[in-house]
Structure formats: C-alpha cells, structure tokens
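Notes follow once the structure below has been shown.
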C-alpha cells in the first residue's frame with residue numbers, strides 16, 4: 001500500500017502499556033511490507049490461539065459469545081496491572097502511523113458514502129491496547145483478536161495480532177492488516193445504519209443455530225463493506241494487495257479454521273462464514289463500491 005501521502009486520523013486512543021503484554025513489530029522477509037515516509041519495514045498463537053481466532057476474529061462483539069450471546073456486559077476478568085507509559089520505539093510508532101493512516105482512509109470513504117445518502121457519518125475511535133482492555137462491552141483479551149464494541153462505538157486492536165496473522169495464519173501483508181481495520185469499521189457502519197441493533201434483537205428471539213446464521217450474515221456484510229473501502233482506495237493499492245486481502249478472508253473462514261483445529265466441519269456452528277463466502281462478499285463490495293450490493297440478509 002502506498003500511504004506516504006495519506007493523512008493520519010486523529011481518532012486514535014492509545015492505551016498500550018495499560019493492560020500488559022509487549023508489542024512486536026511483524027518481522028520476516030518477502031513482499032509484504034508497509035511503506036511510510038520513504039522507509040520500508042518488515043510486516044509481519046498454538047492450537048488454543050487458533051481456536052480463539054476462529055471464534056472471535058473479526059467479531060462485532062466477541063464478548064457476546066462469552067456471555068452466551070446476550071447483552072453487552074463484561075464476561076471476563078483480567079488481572080490487575082500497574083499503569084505504564086505506552087511503548088515508544090520507532091517500529092511501534094511506525095505501525096501506529098500505519099493504523100492511523102488506514103483509519104483515515106476509512107473515514108474518507110464512509111463520509112462520502114453517507115453524504116450520498118443525505119446522512120452524516122460519525123467517525124469511530126480506534127483503541128490501541130496490549131494484553132487486555134476494558135470496553136463498554138466488558139473486558140477483552142488480546143487473544144480474542146480485534147473487535148468492535150457497539151456500546152461505545154470503538155474499534156479495539158492489539159497490533160501484535162498482525163504478527164499472528166503472518167506467522168500463525170499465513171495471512172500477512174500490509175493490505176491484509178488494513179482489511180482487518182476496514183472490516184471492524186464495517187461493523188461501525190452497521191451500527192450507524194441501525195443494522196446491528198435489529199440483528200441483536202432478532203438473535204435474542206431465535207435458536208442458537210438461527211442466531212449463528214444471523215451472525216454470519218453480519219460478518220459477511222462487514223466483509224462487503226471492507227470491499228467498498230478497497231474500491232474507493234484503489235489509488236493507494238499496489239500489485240498483490242487485493243490478493244493479500246482475499247488470502248486473509250480465505251484464512252479466517254469458519255470451515256478452514258475448524259479443519260485446521262482438527263475438528264469436523266459443522267456449518268450449524270459457523271458465526272463468520274466459510275472462506276468462499278468471505279472472499280465472495282469482499283469481492284462484491286470491491287467490484288461495485290455500492291452499499292446496495294452488500295445486502296447479505298436477502
């Protein structure tokens with residue numbers, strides 16, 4: 001991705017160092033790199049972490065699953081730790097800059113899309129944390145992966161997750177990491193459009209299997225919204241970026257994750273969609289750039 005000339009977002013809330021855990025800049029060689037300010041930097045848990053990723057990666061609110069699918073209360077307790085200043089190394093600052101610039105591109109895209117419908121887009125804040133974090137949806141651990149909390153309309157991200165994408169899921173690359181952010185912002189768009197509230201209410205009135213199906217439709221729509229973002233930011237894309245995004249979508253399909261964990265594939269338990277579905281809906285948004293193309297509830 002070519003982000004040198006992009007502005008950074010002011011909607012970053014840095015809580016790193018307040019929840020424990022150290023950030024490691026993704027390392028390794030290959031083509032997957034991020035460029036900022038003319039410099040190039042390498043971009044980058046077991047089975048338990050893989051299972052956690054399968055349950056919580058790209059979730060609207062992973063704490064809903066921990067709480068049996070109901071409410072936004074905190075279902076986890078994290079150990080007490082003393083506060084510490086956020087890390088300030090050059091690599092950490094570079095990655096924060098990358099996240100900030102990607103967030104700004106989502107703000108530009110959705111301001112435009114909402115304006116086209118005569119609506120005003122309210123930008124979400126993105127919270128950087130390490131180890132664990134408190135949100136309006138409760139306490140969350142880094143192993144749960146990035147998530148969006150509709151209770152406070154914030155995206156939560158421990159950037160060390162990008163390491164896991166690269167080393168554990170083989171889905172690294174700057175555009176793949178940007179896709180993570182764009183997908184979570186997609187859940188914010190669903191909240192602003194009233195979709196999240198309607199689906200949350202509907203899930204409380206149906207069986208677990210039907211509730212899972214509704215969750216899948218929510219996730220696929222967020223994938224499609226991420227595709228819309230990519231459609232409107234083609235000018236910053238480089239050769240191979242779209243393939244990175246598709247590879248990431250493929251890597252976190254429910255069917256693939258269940259196979260990788262050594263279990264049989266159980267469609268009734270899916271909460272995010274198959275690899276094929278995730279790639280398909282991302283491509284729909286990418287090809288059309290239209291909200292109307294992302295109705296996964298038909």
Subset of the range 201-221, residues over 19 Å from the mean Cα position of the chain (by Cα) and within 16 Å of residue 147 (Cβ to Cβ), comes to none
Spot the failing condition for residue 250; the list is (1) at pLDDT 85 or above; (2) in a helix (DSSP H, G or I), and only one is missed.
-> (1)
Just one listed residue, out of 54, 74, 68, is out of contact with any strand residue (DSSP E or B) (no Cβ under 8 Å at 6 or more places or on another chain), outside any helix (DSSP H, G or I) and either surrounded by 18 or more Cβ atoms within 10 Å (Cβ to Cβ) or at pLDDT below 50 (or both), and it is 68
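State all residues of the range 141-150 that are within 24 Å of residue 233 (Cα to Cα) and in a loop (DSSP other than H, G, I, E, B); if no residue qualifies, say none. Spell out the reasoning first.
We begin by selecting, within the range 141-150, every residue within 24 Å of residue 233 (Cα to Cα); these are 146-148.
Once the filter is applied, which keeps residues that are within 24 Å of residue 233 (Cα to Cα) and in a loop (DSSP other than H, G, I, E, B), the range 141-150 yields only 146.
Looking at the structure I just gave you, is residue 218 closer than 27 Å to residue 3 by Cα and at pLDDT 80 or above? I'd like the intermediate steps shown before the answer.
Details: closer than 27 Å to residue 3 by Cα: no; at pLDDT 80 or above: yes.
Spelling it out, it is not the case that residue 218 is closer than 27 Å to residue 3 by Cα and at pLDDT 80 or above.
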Answer yes or no: is there a residue in the range 97-108 that is touching a strand residue (DSSP E or B) at 6+ places or on another chain (Cβ under 9 Å), surrounded by fewer than 24 Cβ atoms within 10 Å (Cβ to Cβ) and part of a loop (DSSP other than H, G, I, E, B).
-> no
Kindly establish whether residue 256 is in a helix (DSSP H, G or I) and at pLDDT 85 or above.
-> no
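Just to check your reading of the model, which residue among 92, 141 is surrounded by 17 or more Cβ atoms within 10 Å (Cβ to Cβ), under 15 Å from residue 16 (Cα atoms) and over 17 Å from the mean Cα position of the chain (by Cα)?
Values: 141 fails: over 17 Å from the mean Cα position of the chain (by Cα).
Unique residue meeting the criteria: 92.
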Residues within the range 151-169 that are assigned to a loop (DSSP other than H, G, I, E, B), at pLDDT below 95 and touching a helix residue (DSSP H, G or I) at 6+ places or on another chain (Cβ under 7 Å), tallied = 5
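The values are calculated or read from the model by the stated rules, or taken from the named source; none is laboratory data. Everything numeric here is computed off the predicted structure, so don't read it as measured data. Because the Cβ atoms are built from the backbone with ideal geometry, glycine has one as well, and the counts that use them run over all protein chains shown.
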